[in-house]
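What follows is one structure encoded as structure tokens, with my remarks underneath.
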Amino acid sequence: MFVVILTYTKPLTEVDVHLADHRAWLKRQYEAGVFIASGRQAPPTGGVILARAESLAALQAVLALDPFNINGVATYQVIEFSPSLAAPEYESLKGV
């Protein structure tokens, strides 16, 4: 499992120009089963994505197609981890 932390590198007004395309890309990743949860940080300096992928390289290939990446308005920090504990309603995430 991976935590992806996006950091905006351009003003929010420029980021928002690409928001509709970014959301369409997010939707495709949810449909493909790659993304588990996502959202904008508060304050809006970037976003966070919880993802699962076969490998770091596979996830990086997905992130390369993000319109935010293509248009140079965000950078990405990827943290890989293996959940060992989870609340009862999220037990299925253990070992992902």
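Values in this text are rule-based calculations from the coordinates and carry no lab data. Every value quoted in this text rests on a predicted model; they were computed, and no experiment measured them. Note that each Cβ is placed from the backbone with ideal geometry, even for glycine, and that neighbours are counted across all protein chains shown.
Worth a mention:
- For segment 40-96: rounded, prolate or oblate by the Cα gyration tensor [a/c cutoff 1.5]: oblate
- Nitroxide proxy distance, nm - points 7 Å out along Cα→Cβ at Thr13 and Phe81: 3.7 nm
- Global geometry of segment 1-46, whether rounded, prolate or oblate, following the gyration tensor of its Cα atoms and the 1.5 cut on a/c: oblate
- 222 nm mean residue ellipticity, helices alone, for the chain (DSSP H n ≥ 4; -39,500 (n - 2.57); rounded to 500): -8500 deg cm²/dmol
- By average C-beta atoms within 10 angstrom, highest first, the peptides 48-55, 79-86: 48-55, 79-86
- Nitroxide proxy distance, nm - points 7 Å out along Cα→Cβ at Gln41 and Leu93: 1.9 nm
- Protection proxy ranking of 30-41, 2-13 - average other beta-carbon atoms within 10 Å, highest first: 2-13, 30-41
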